[in-house]
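Trainee: Dropping the structure in here first, questions after.
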Amino acid sequence: PMASNASLAEGMATSASEAFDAIGKAMQADATLASKVGGVLQFELGSVSWTVICTGEGSVAEGRASAPDATITMSEPDFLKLYAGTLNGTTAYMSGKMKIKGNIGLAQKLAGLTAAARKRGAAAAATPSGGGAPAAAAA
């Protein structure tokens, strides 16, 4: 239990489910995040698929998209490193740890989403009440 608390405090995810949940919450908190990507990303992480819809308000769901703009295939441990910022997307792609089918440019915008989700996760973990919208968001 200690490790999970420490990882939460740093905005880290211990599973793909946690990471995608954080990405979804980050898109809900900042409506511009989805539009910065502007497409549908599908992730194939071993036997589990996730869809990140970066149009409109943005959403995240477990499962496959009917027509993804880009499909990113990698292992869950490598995805968690990518999410944590310890694995560079270009390095992962060049070394074969990440395969991209479709719009590569769209997949490159993933870093902005994961960085925002990590930052928000770290802020929420540091707030005793569990976060919520910052006061500045109301302006």
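The values are calculated or read from the model by the stated rules, or taken from the named source; none is laboratory data. Note that this is a predicted model, so its numbers are computed, not measured. Positions of Cβ are backbone-derived with ideal geometry, glycine not excepted, and every protein chain shown enters the neighbour counts. Only protein heavy atoms, including side chains, enter the accessible area calculation; ligands, DNA and RNA are left aside. Shrake-Rupley method; radii C 1.70, N 1.55, O 1.52, S 1.80 Å.
Trainee: I want to confirm something. Restricting to segment 103-114 and keeping residues that are open to solvent by 40 Å² or more (accessible area, probe 1.4 Å) and touching a Gly at 6+ places or on another chain (Cβ under 9 Å), which single residue is farthest from LEU41 (Cα to Cα)?
Mentor: This residue is ALA111.
Trainee: Considering segment 63-78 alone, what residues qualify as being of a type in the set (D, E, K, R) and either open to solvent by less than 30 Å² (accessible area, probe 1.4 Å) or at pLDDT below 95 (or both)? So that I can check it myself, show each step before the final result.
Mentor: Taking segment 63-78 first, the residues of a type in the set (D, E, K, R) are 64, 69, 76, 78.
Result: ASP78, single match.
Trainee: For THR55, only one of the following conditions fails: (1) touching a helix residue (DSSP H, G or I) at 6+ places or on another chain (Cβ under 8 Å); (2) open to solvent by less than 60 Å² (accessible area, probe 1.4 Å); (3) at pLDDT below 95. What is its number?
Mentor: Single failed check for THR55: (2).
Trainee: Any residue that is farther than 17 Å from ALA117 by Cα, open to solvent by less than 50 Å² (accessible area, probe 1.4 Å) and of a type outside the set (A, V, I, L, M) - is there at least one of those in segment 79-93?
Mentor: Within segment 79-93, the subset farther than 17 Å from ALA117 by Cα is 90-93.
Filter once more, so that each one left must be open to solvent by less than 50 Å² (accessible area, probe 1.4 Å): 92.
The next check asks that each one be of a type outside the set (A, V, I, L, M); those that pass are none.
No, there is no match, as no residue in segment 79-93 is farther than 17 Å from ALA117 by Cα, open to solvent by less than 50 Å² (accessible area, probe 1.4 Å) and of a type outside the set (A, V, I, L, M).
Trainee: Which strands (runs of 3 or more DSSP E) sit wholly inside segment 23-68 and have at least 2 residues that are among the hydroxyl-bearing types (Ser, Thr, Tyr) and closer than 26 Å to LYS97 by Cβ? Write out each step before concluding.
Mentor: Working: elements: 39-45, 48-54, 59-62.
Counting at least 2 such residues, we get 48-54.
Trainee: Next question. Any idea which of (1) over 13 Å from the mean Cα position of the chain (by Cα); (2) over 18 Å from PRO77 (Cα atoms); (3) of a type outside the set (Val, Ile, Thr) is the one SER47 doesn't satisfy?
Mentor: Unmet for SER47, out of (1) over 13 Å from the mean Cα position of the chain (by Cα); (2) over 18 Å from PRO77 (Cα atoms); (3) of a type outside the set (Val, Ile, Thr): (2).
Trainee: Here's something else I'd like to know. Looking for something under 13 Å from ALA16 (Cα atoms) and modelled with pLDDT under 95 - is there at least one such residue anywhere in segment 92-111?
Mentor: Looking through segment 92-111, none of the residues is under 13 Å from ALA16 (Cα atoms) and modelled with pLDDT under 95.
Trainee: Residues of segment 85-100 being closer than 22 Å to LEU33 by Cβ and either touching a helix residue (DSSP H, G or I) at 6+ places or on another chain (Cβ under 7 Å) or assigned to a loop (DSSP other than H, G, I, E, B) (or both), which ones?
Mentor: GLY85, THR86, LEU87, ASN88, GLY89, ALA92, MET98, ILE100
Trainee: Can I ask one more? Take the conditions open to solvent by 30 Å² or more (accessible area, probe 1.4 Å), modelled with pLDDT of 95 or more and of a type in the set (Val, Ile, Thr) and apply them to VAL60. Does it pass?
Mentor: Values: open to solvent by 30 Å² or more (accessible area, probe 1.4 Å): yes; modelled with pLDDT of 95 or more: yes; of a type in the set (Val, Ile, Thr): yes.
Yes, satisfied.
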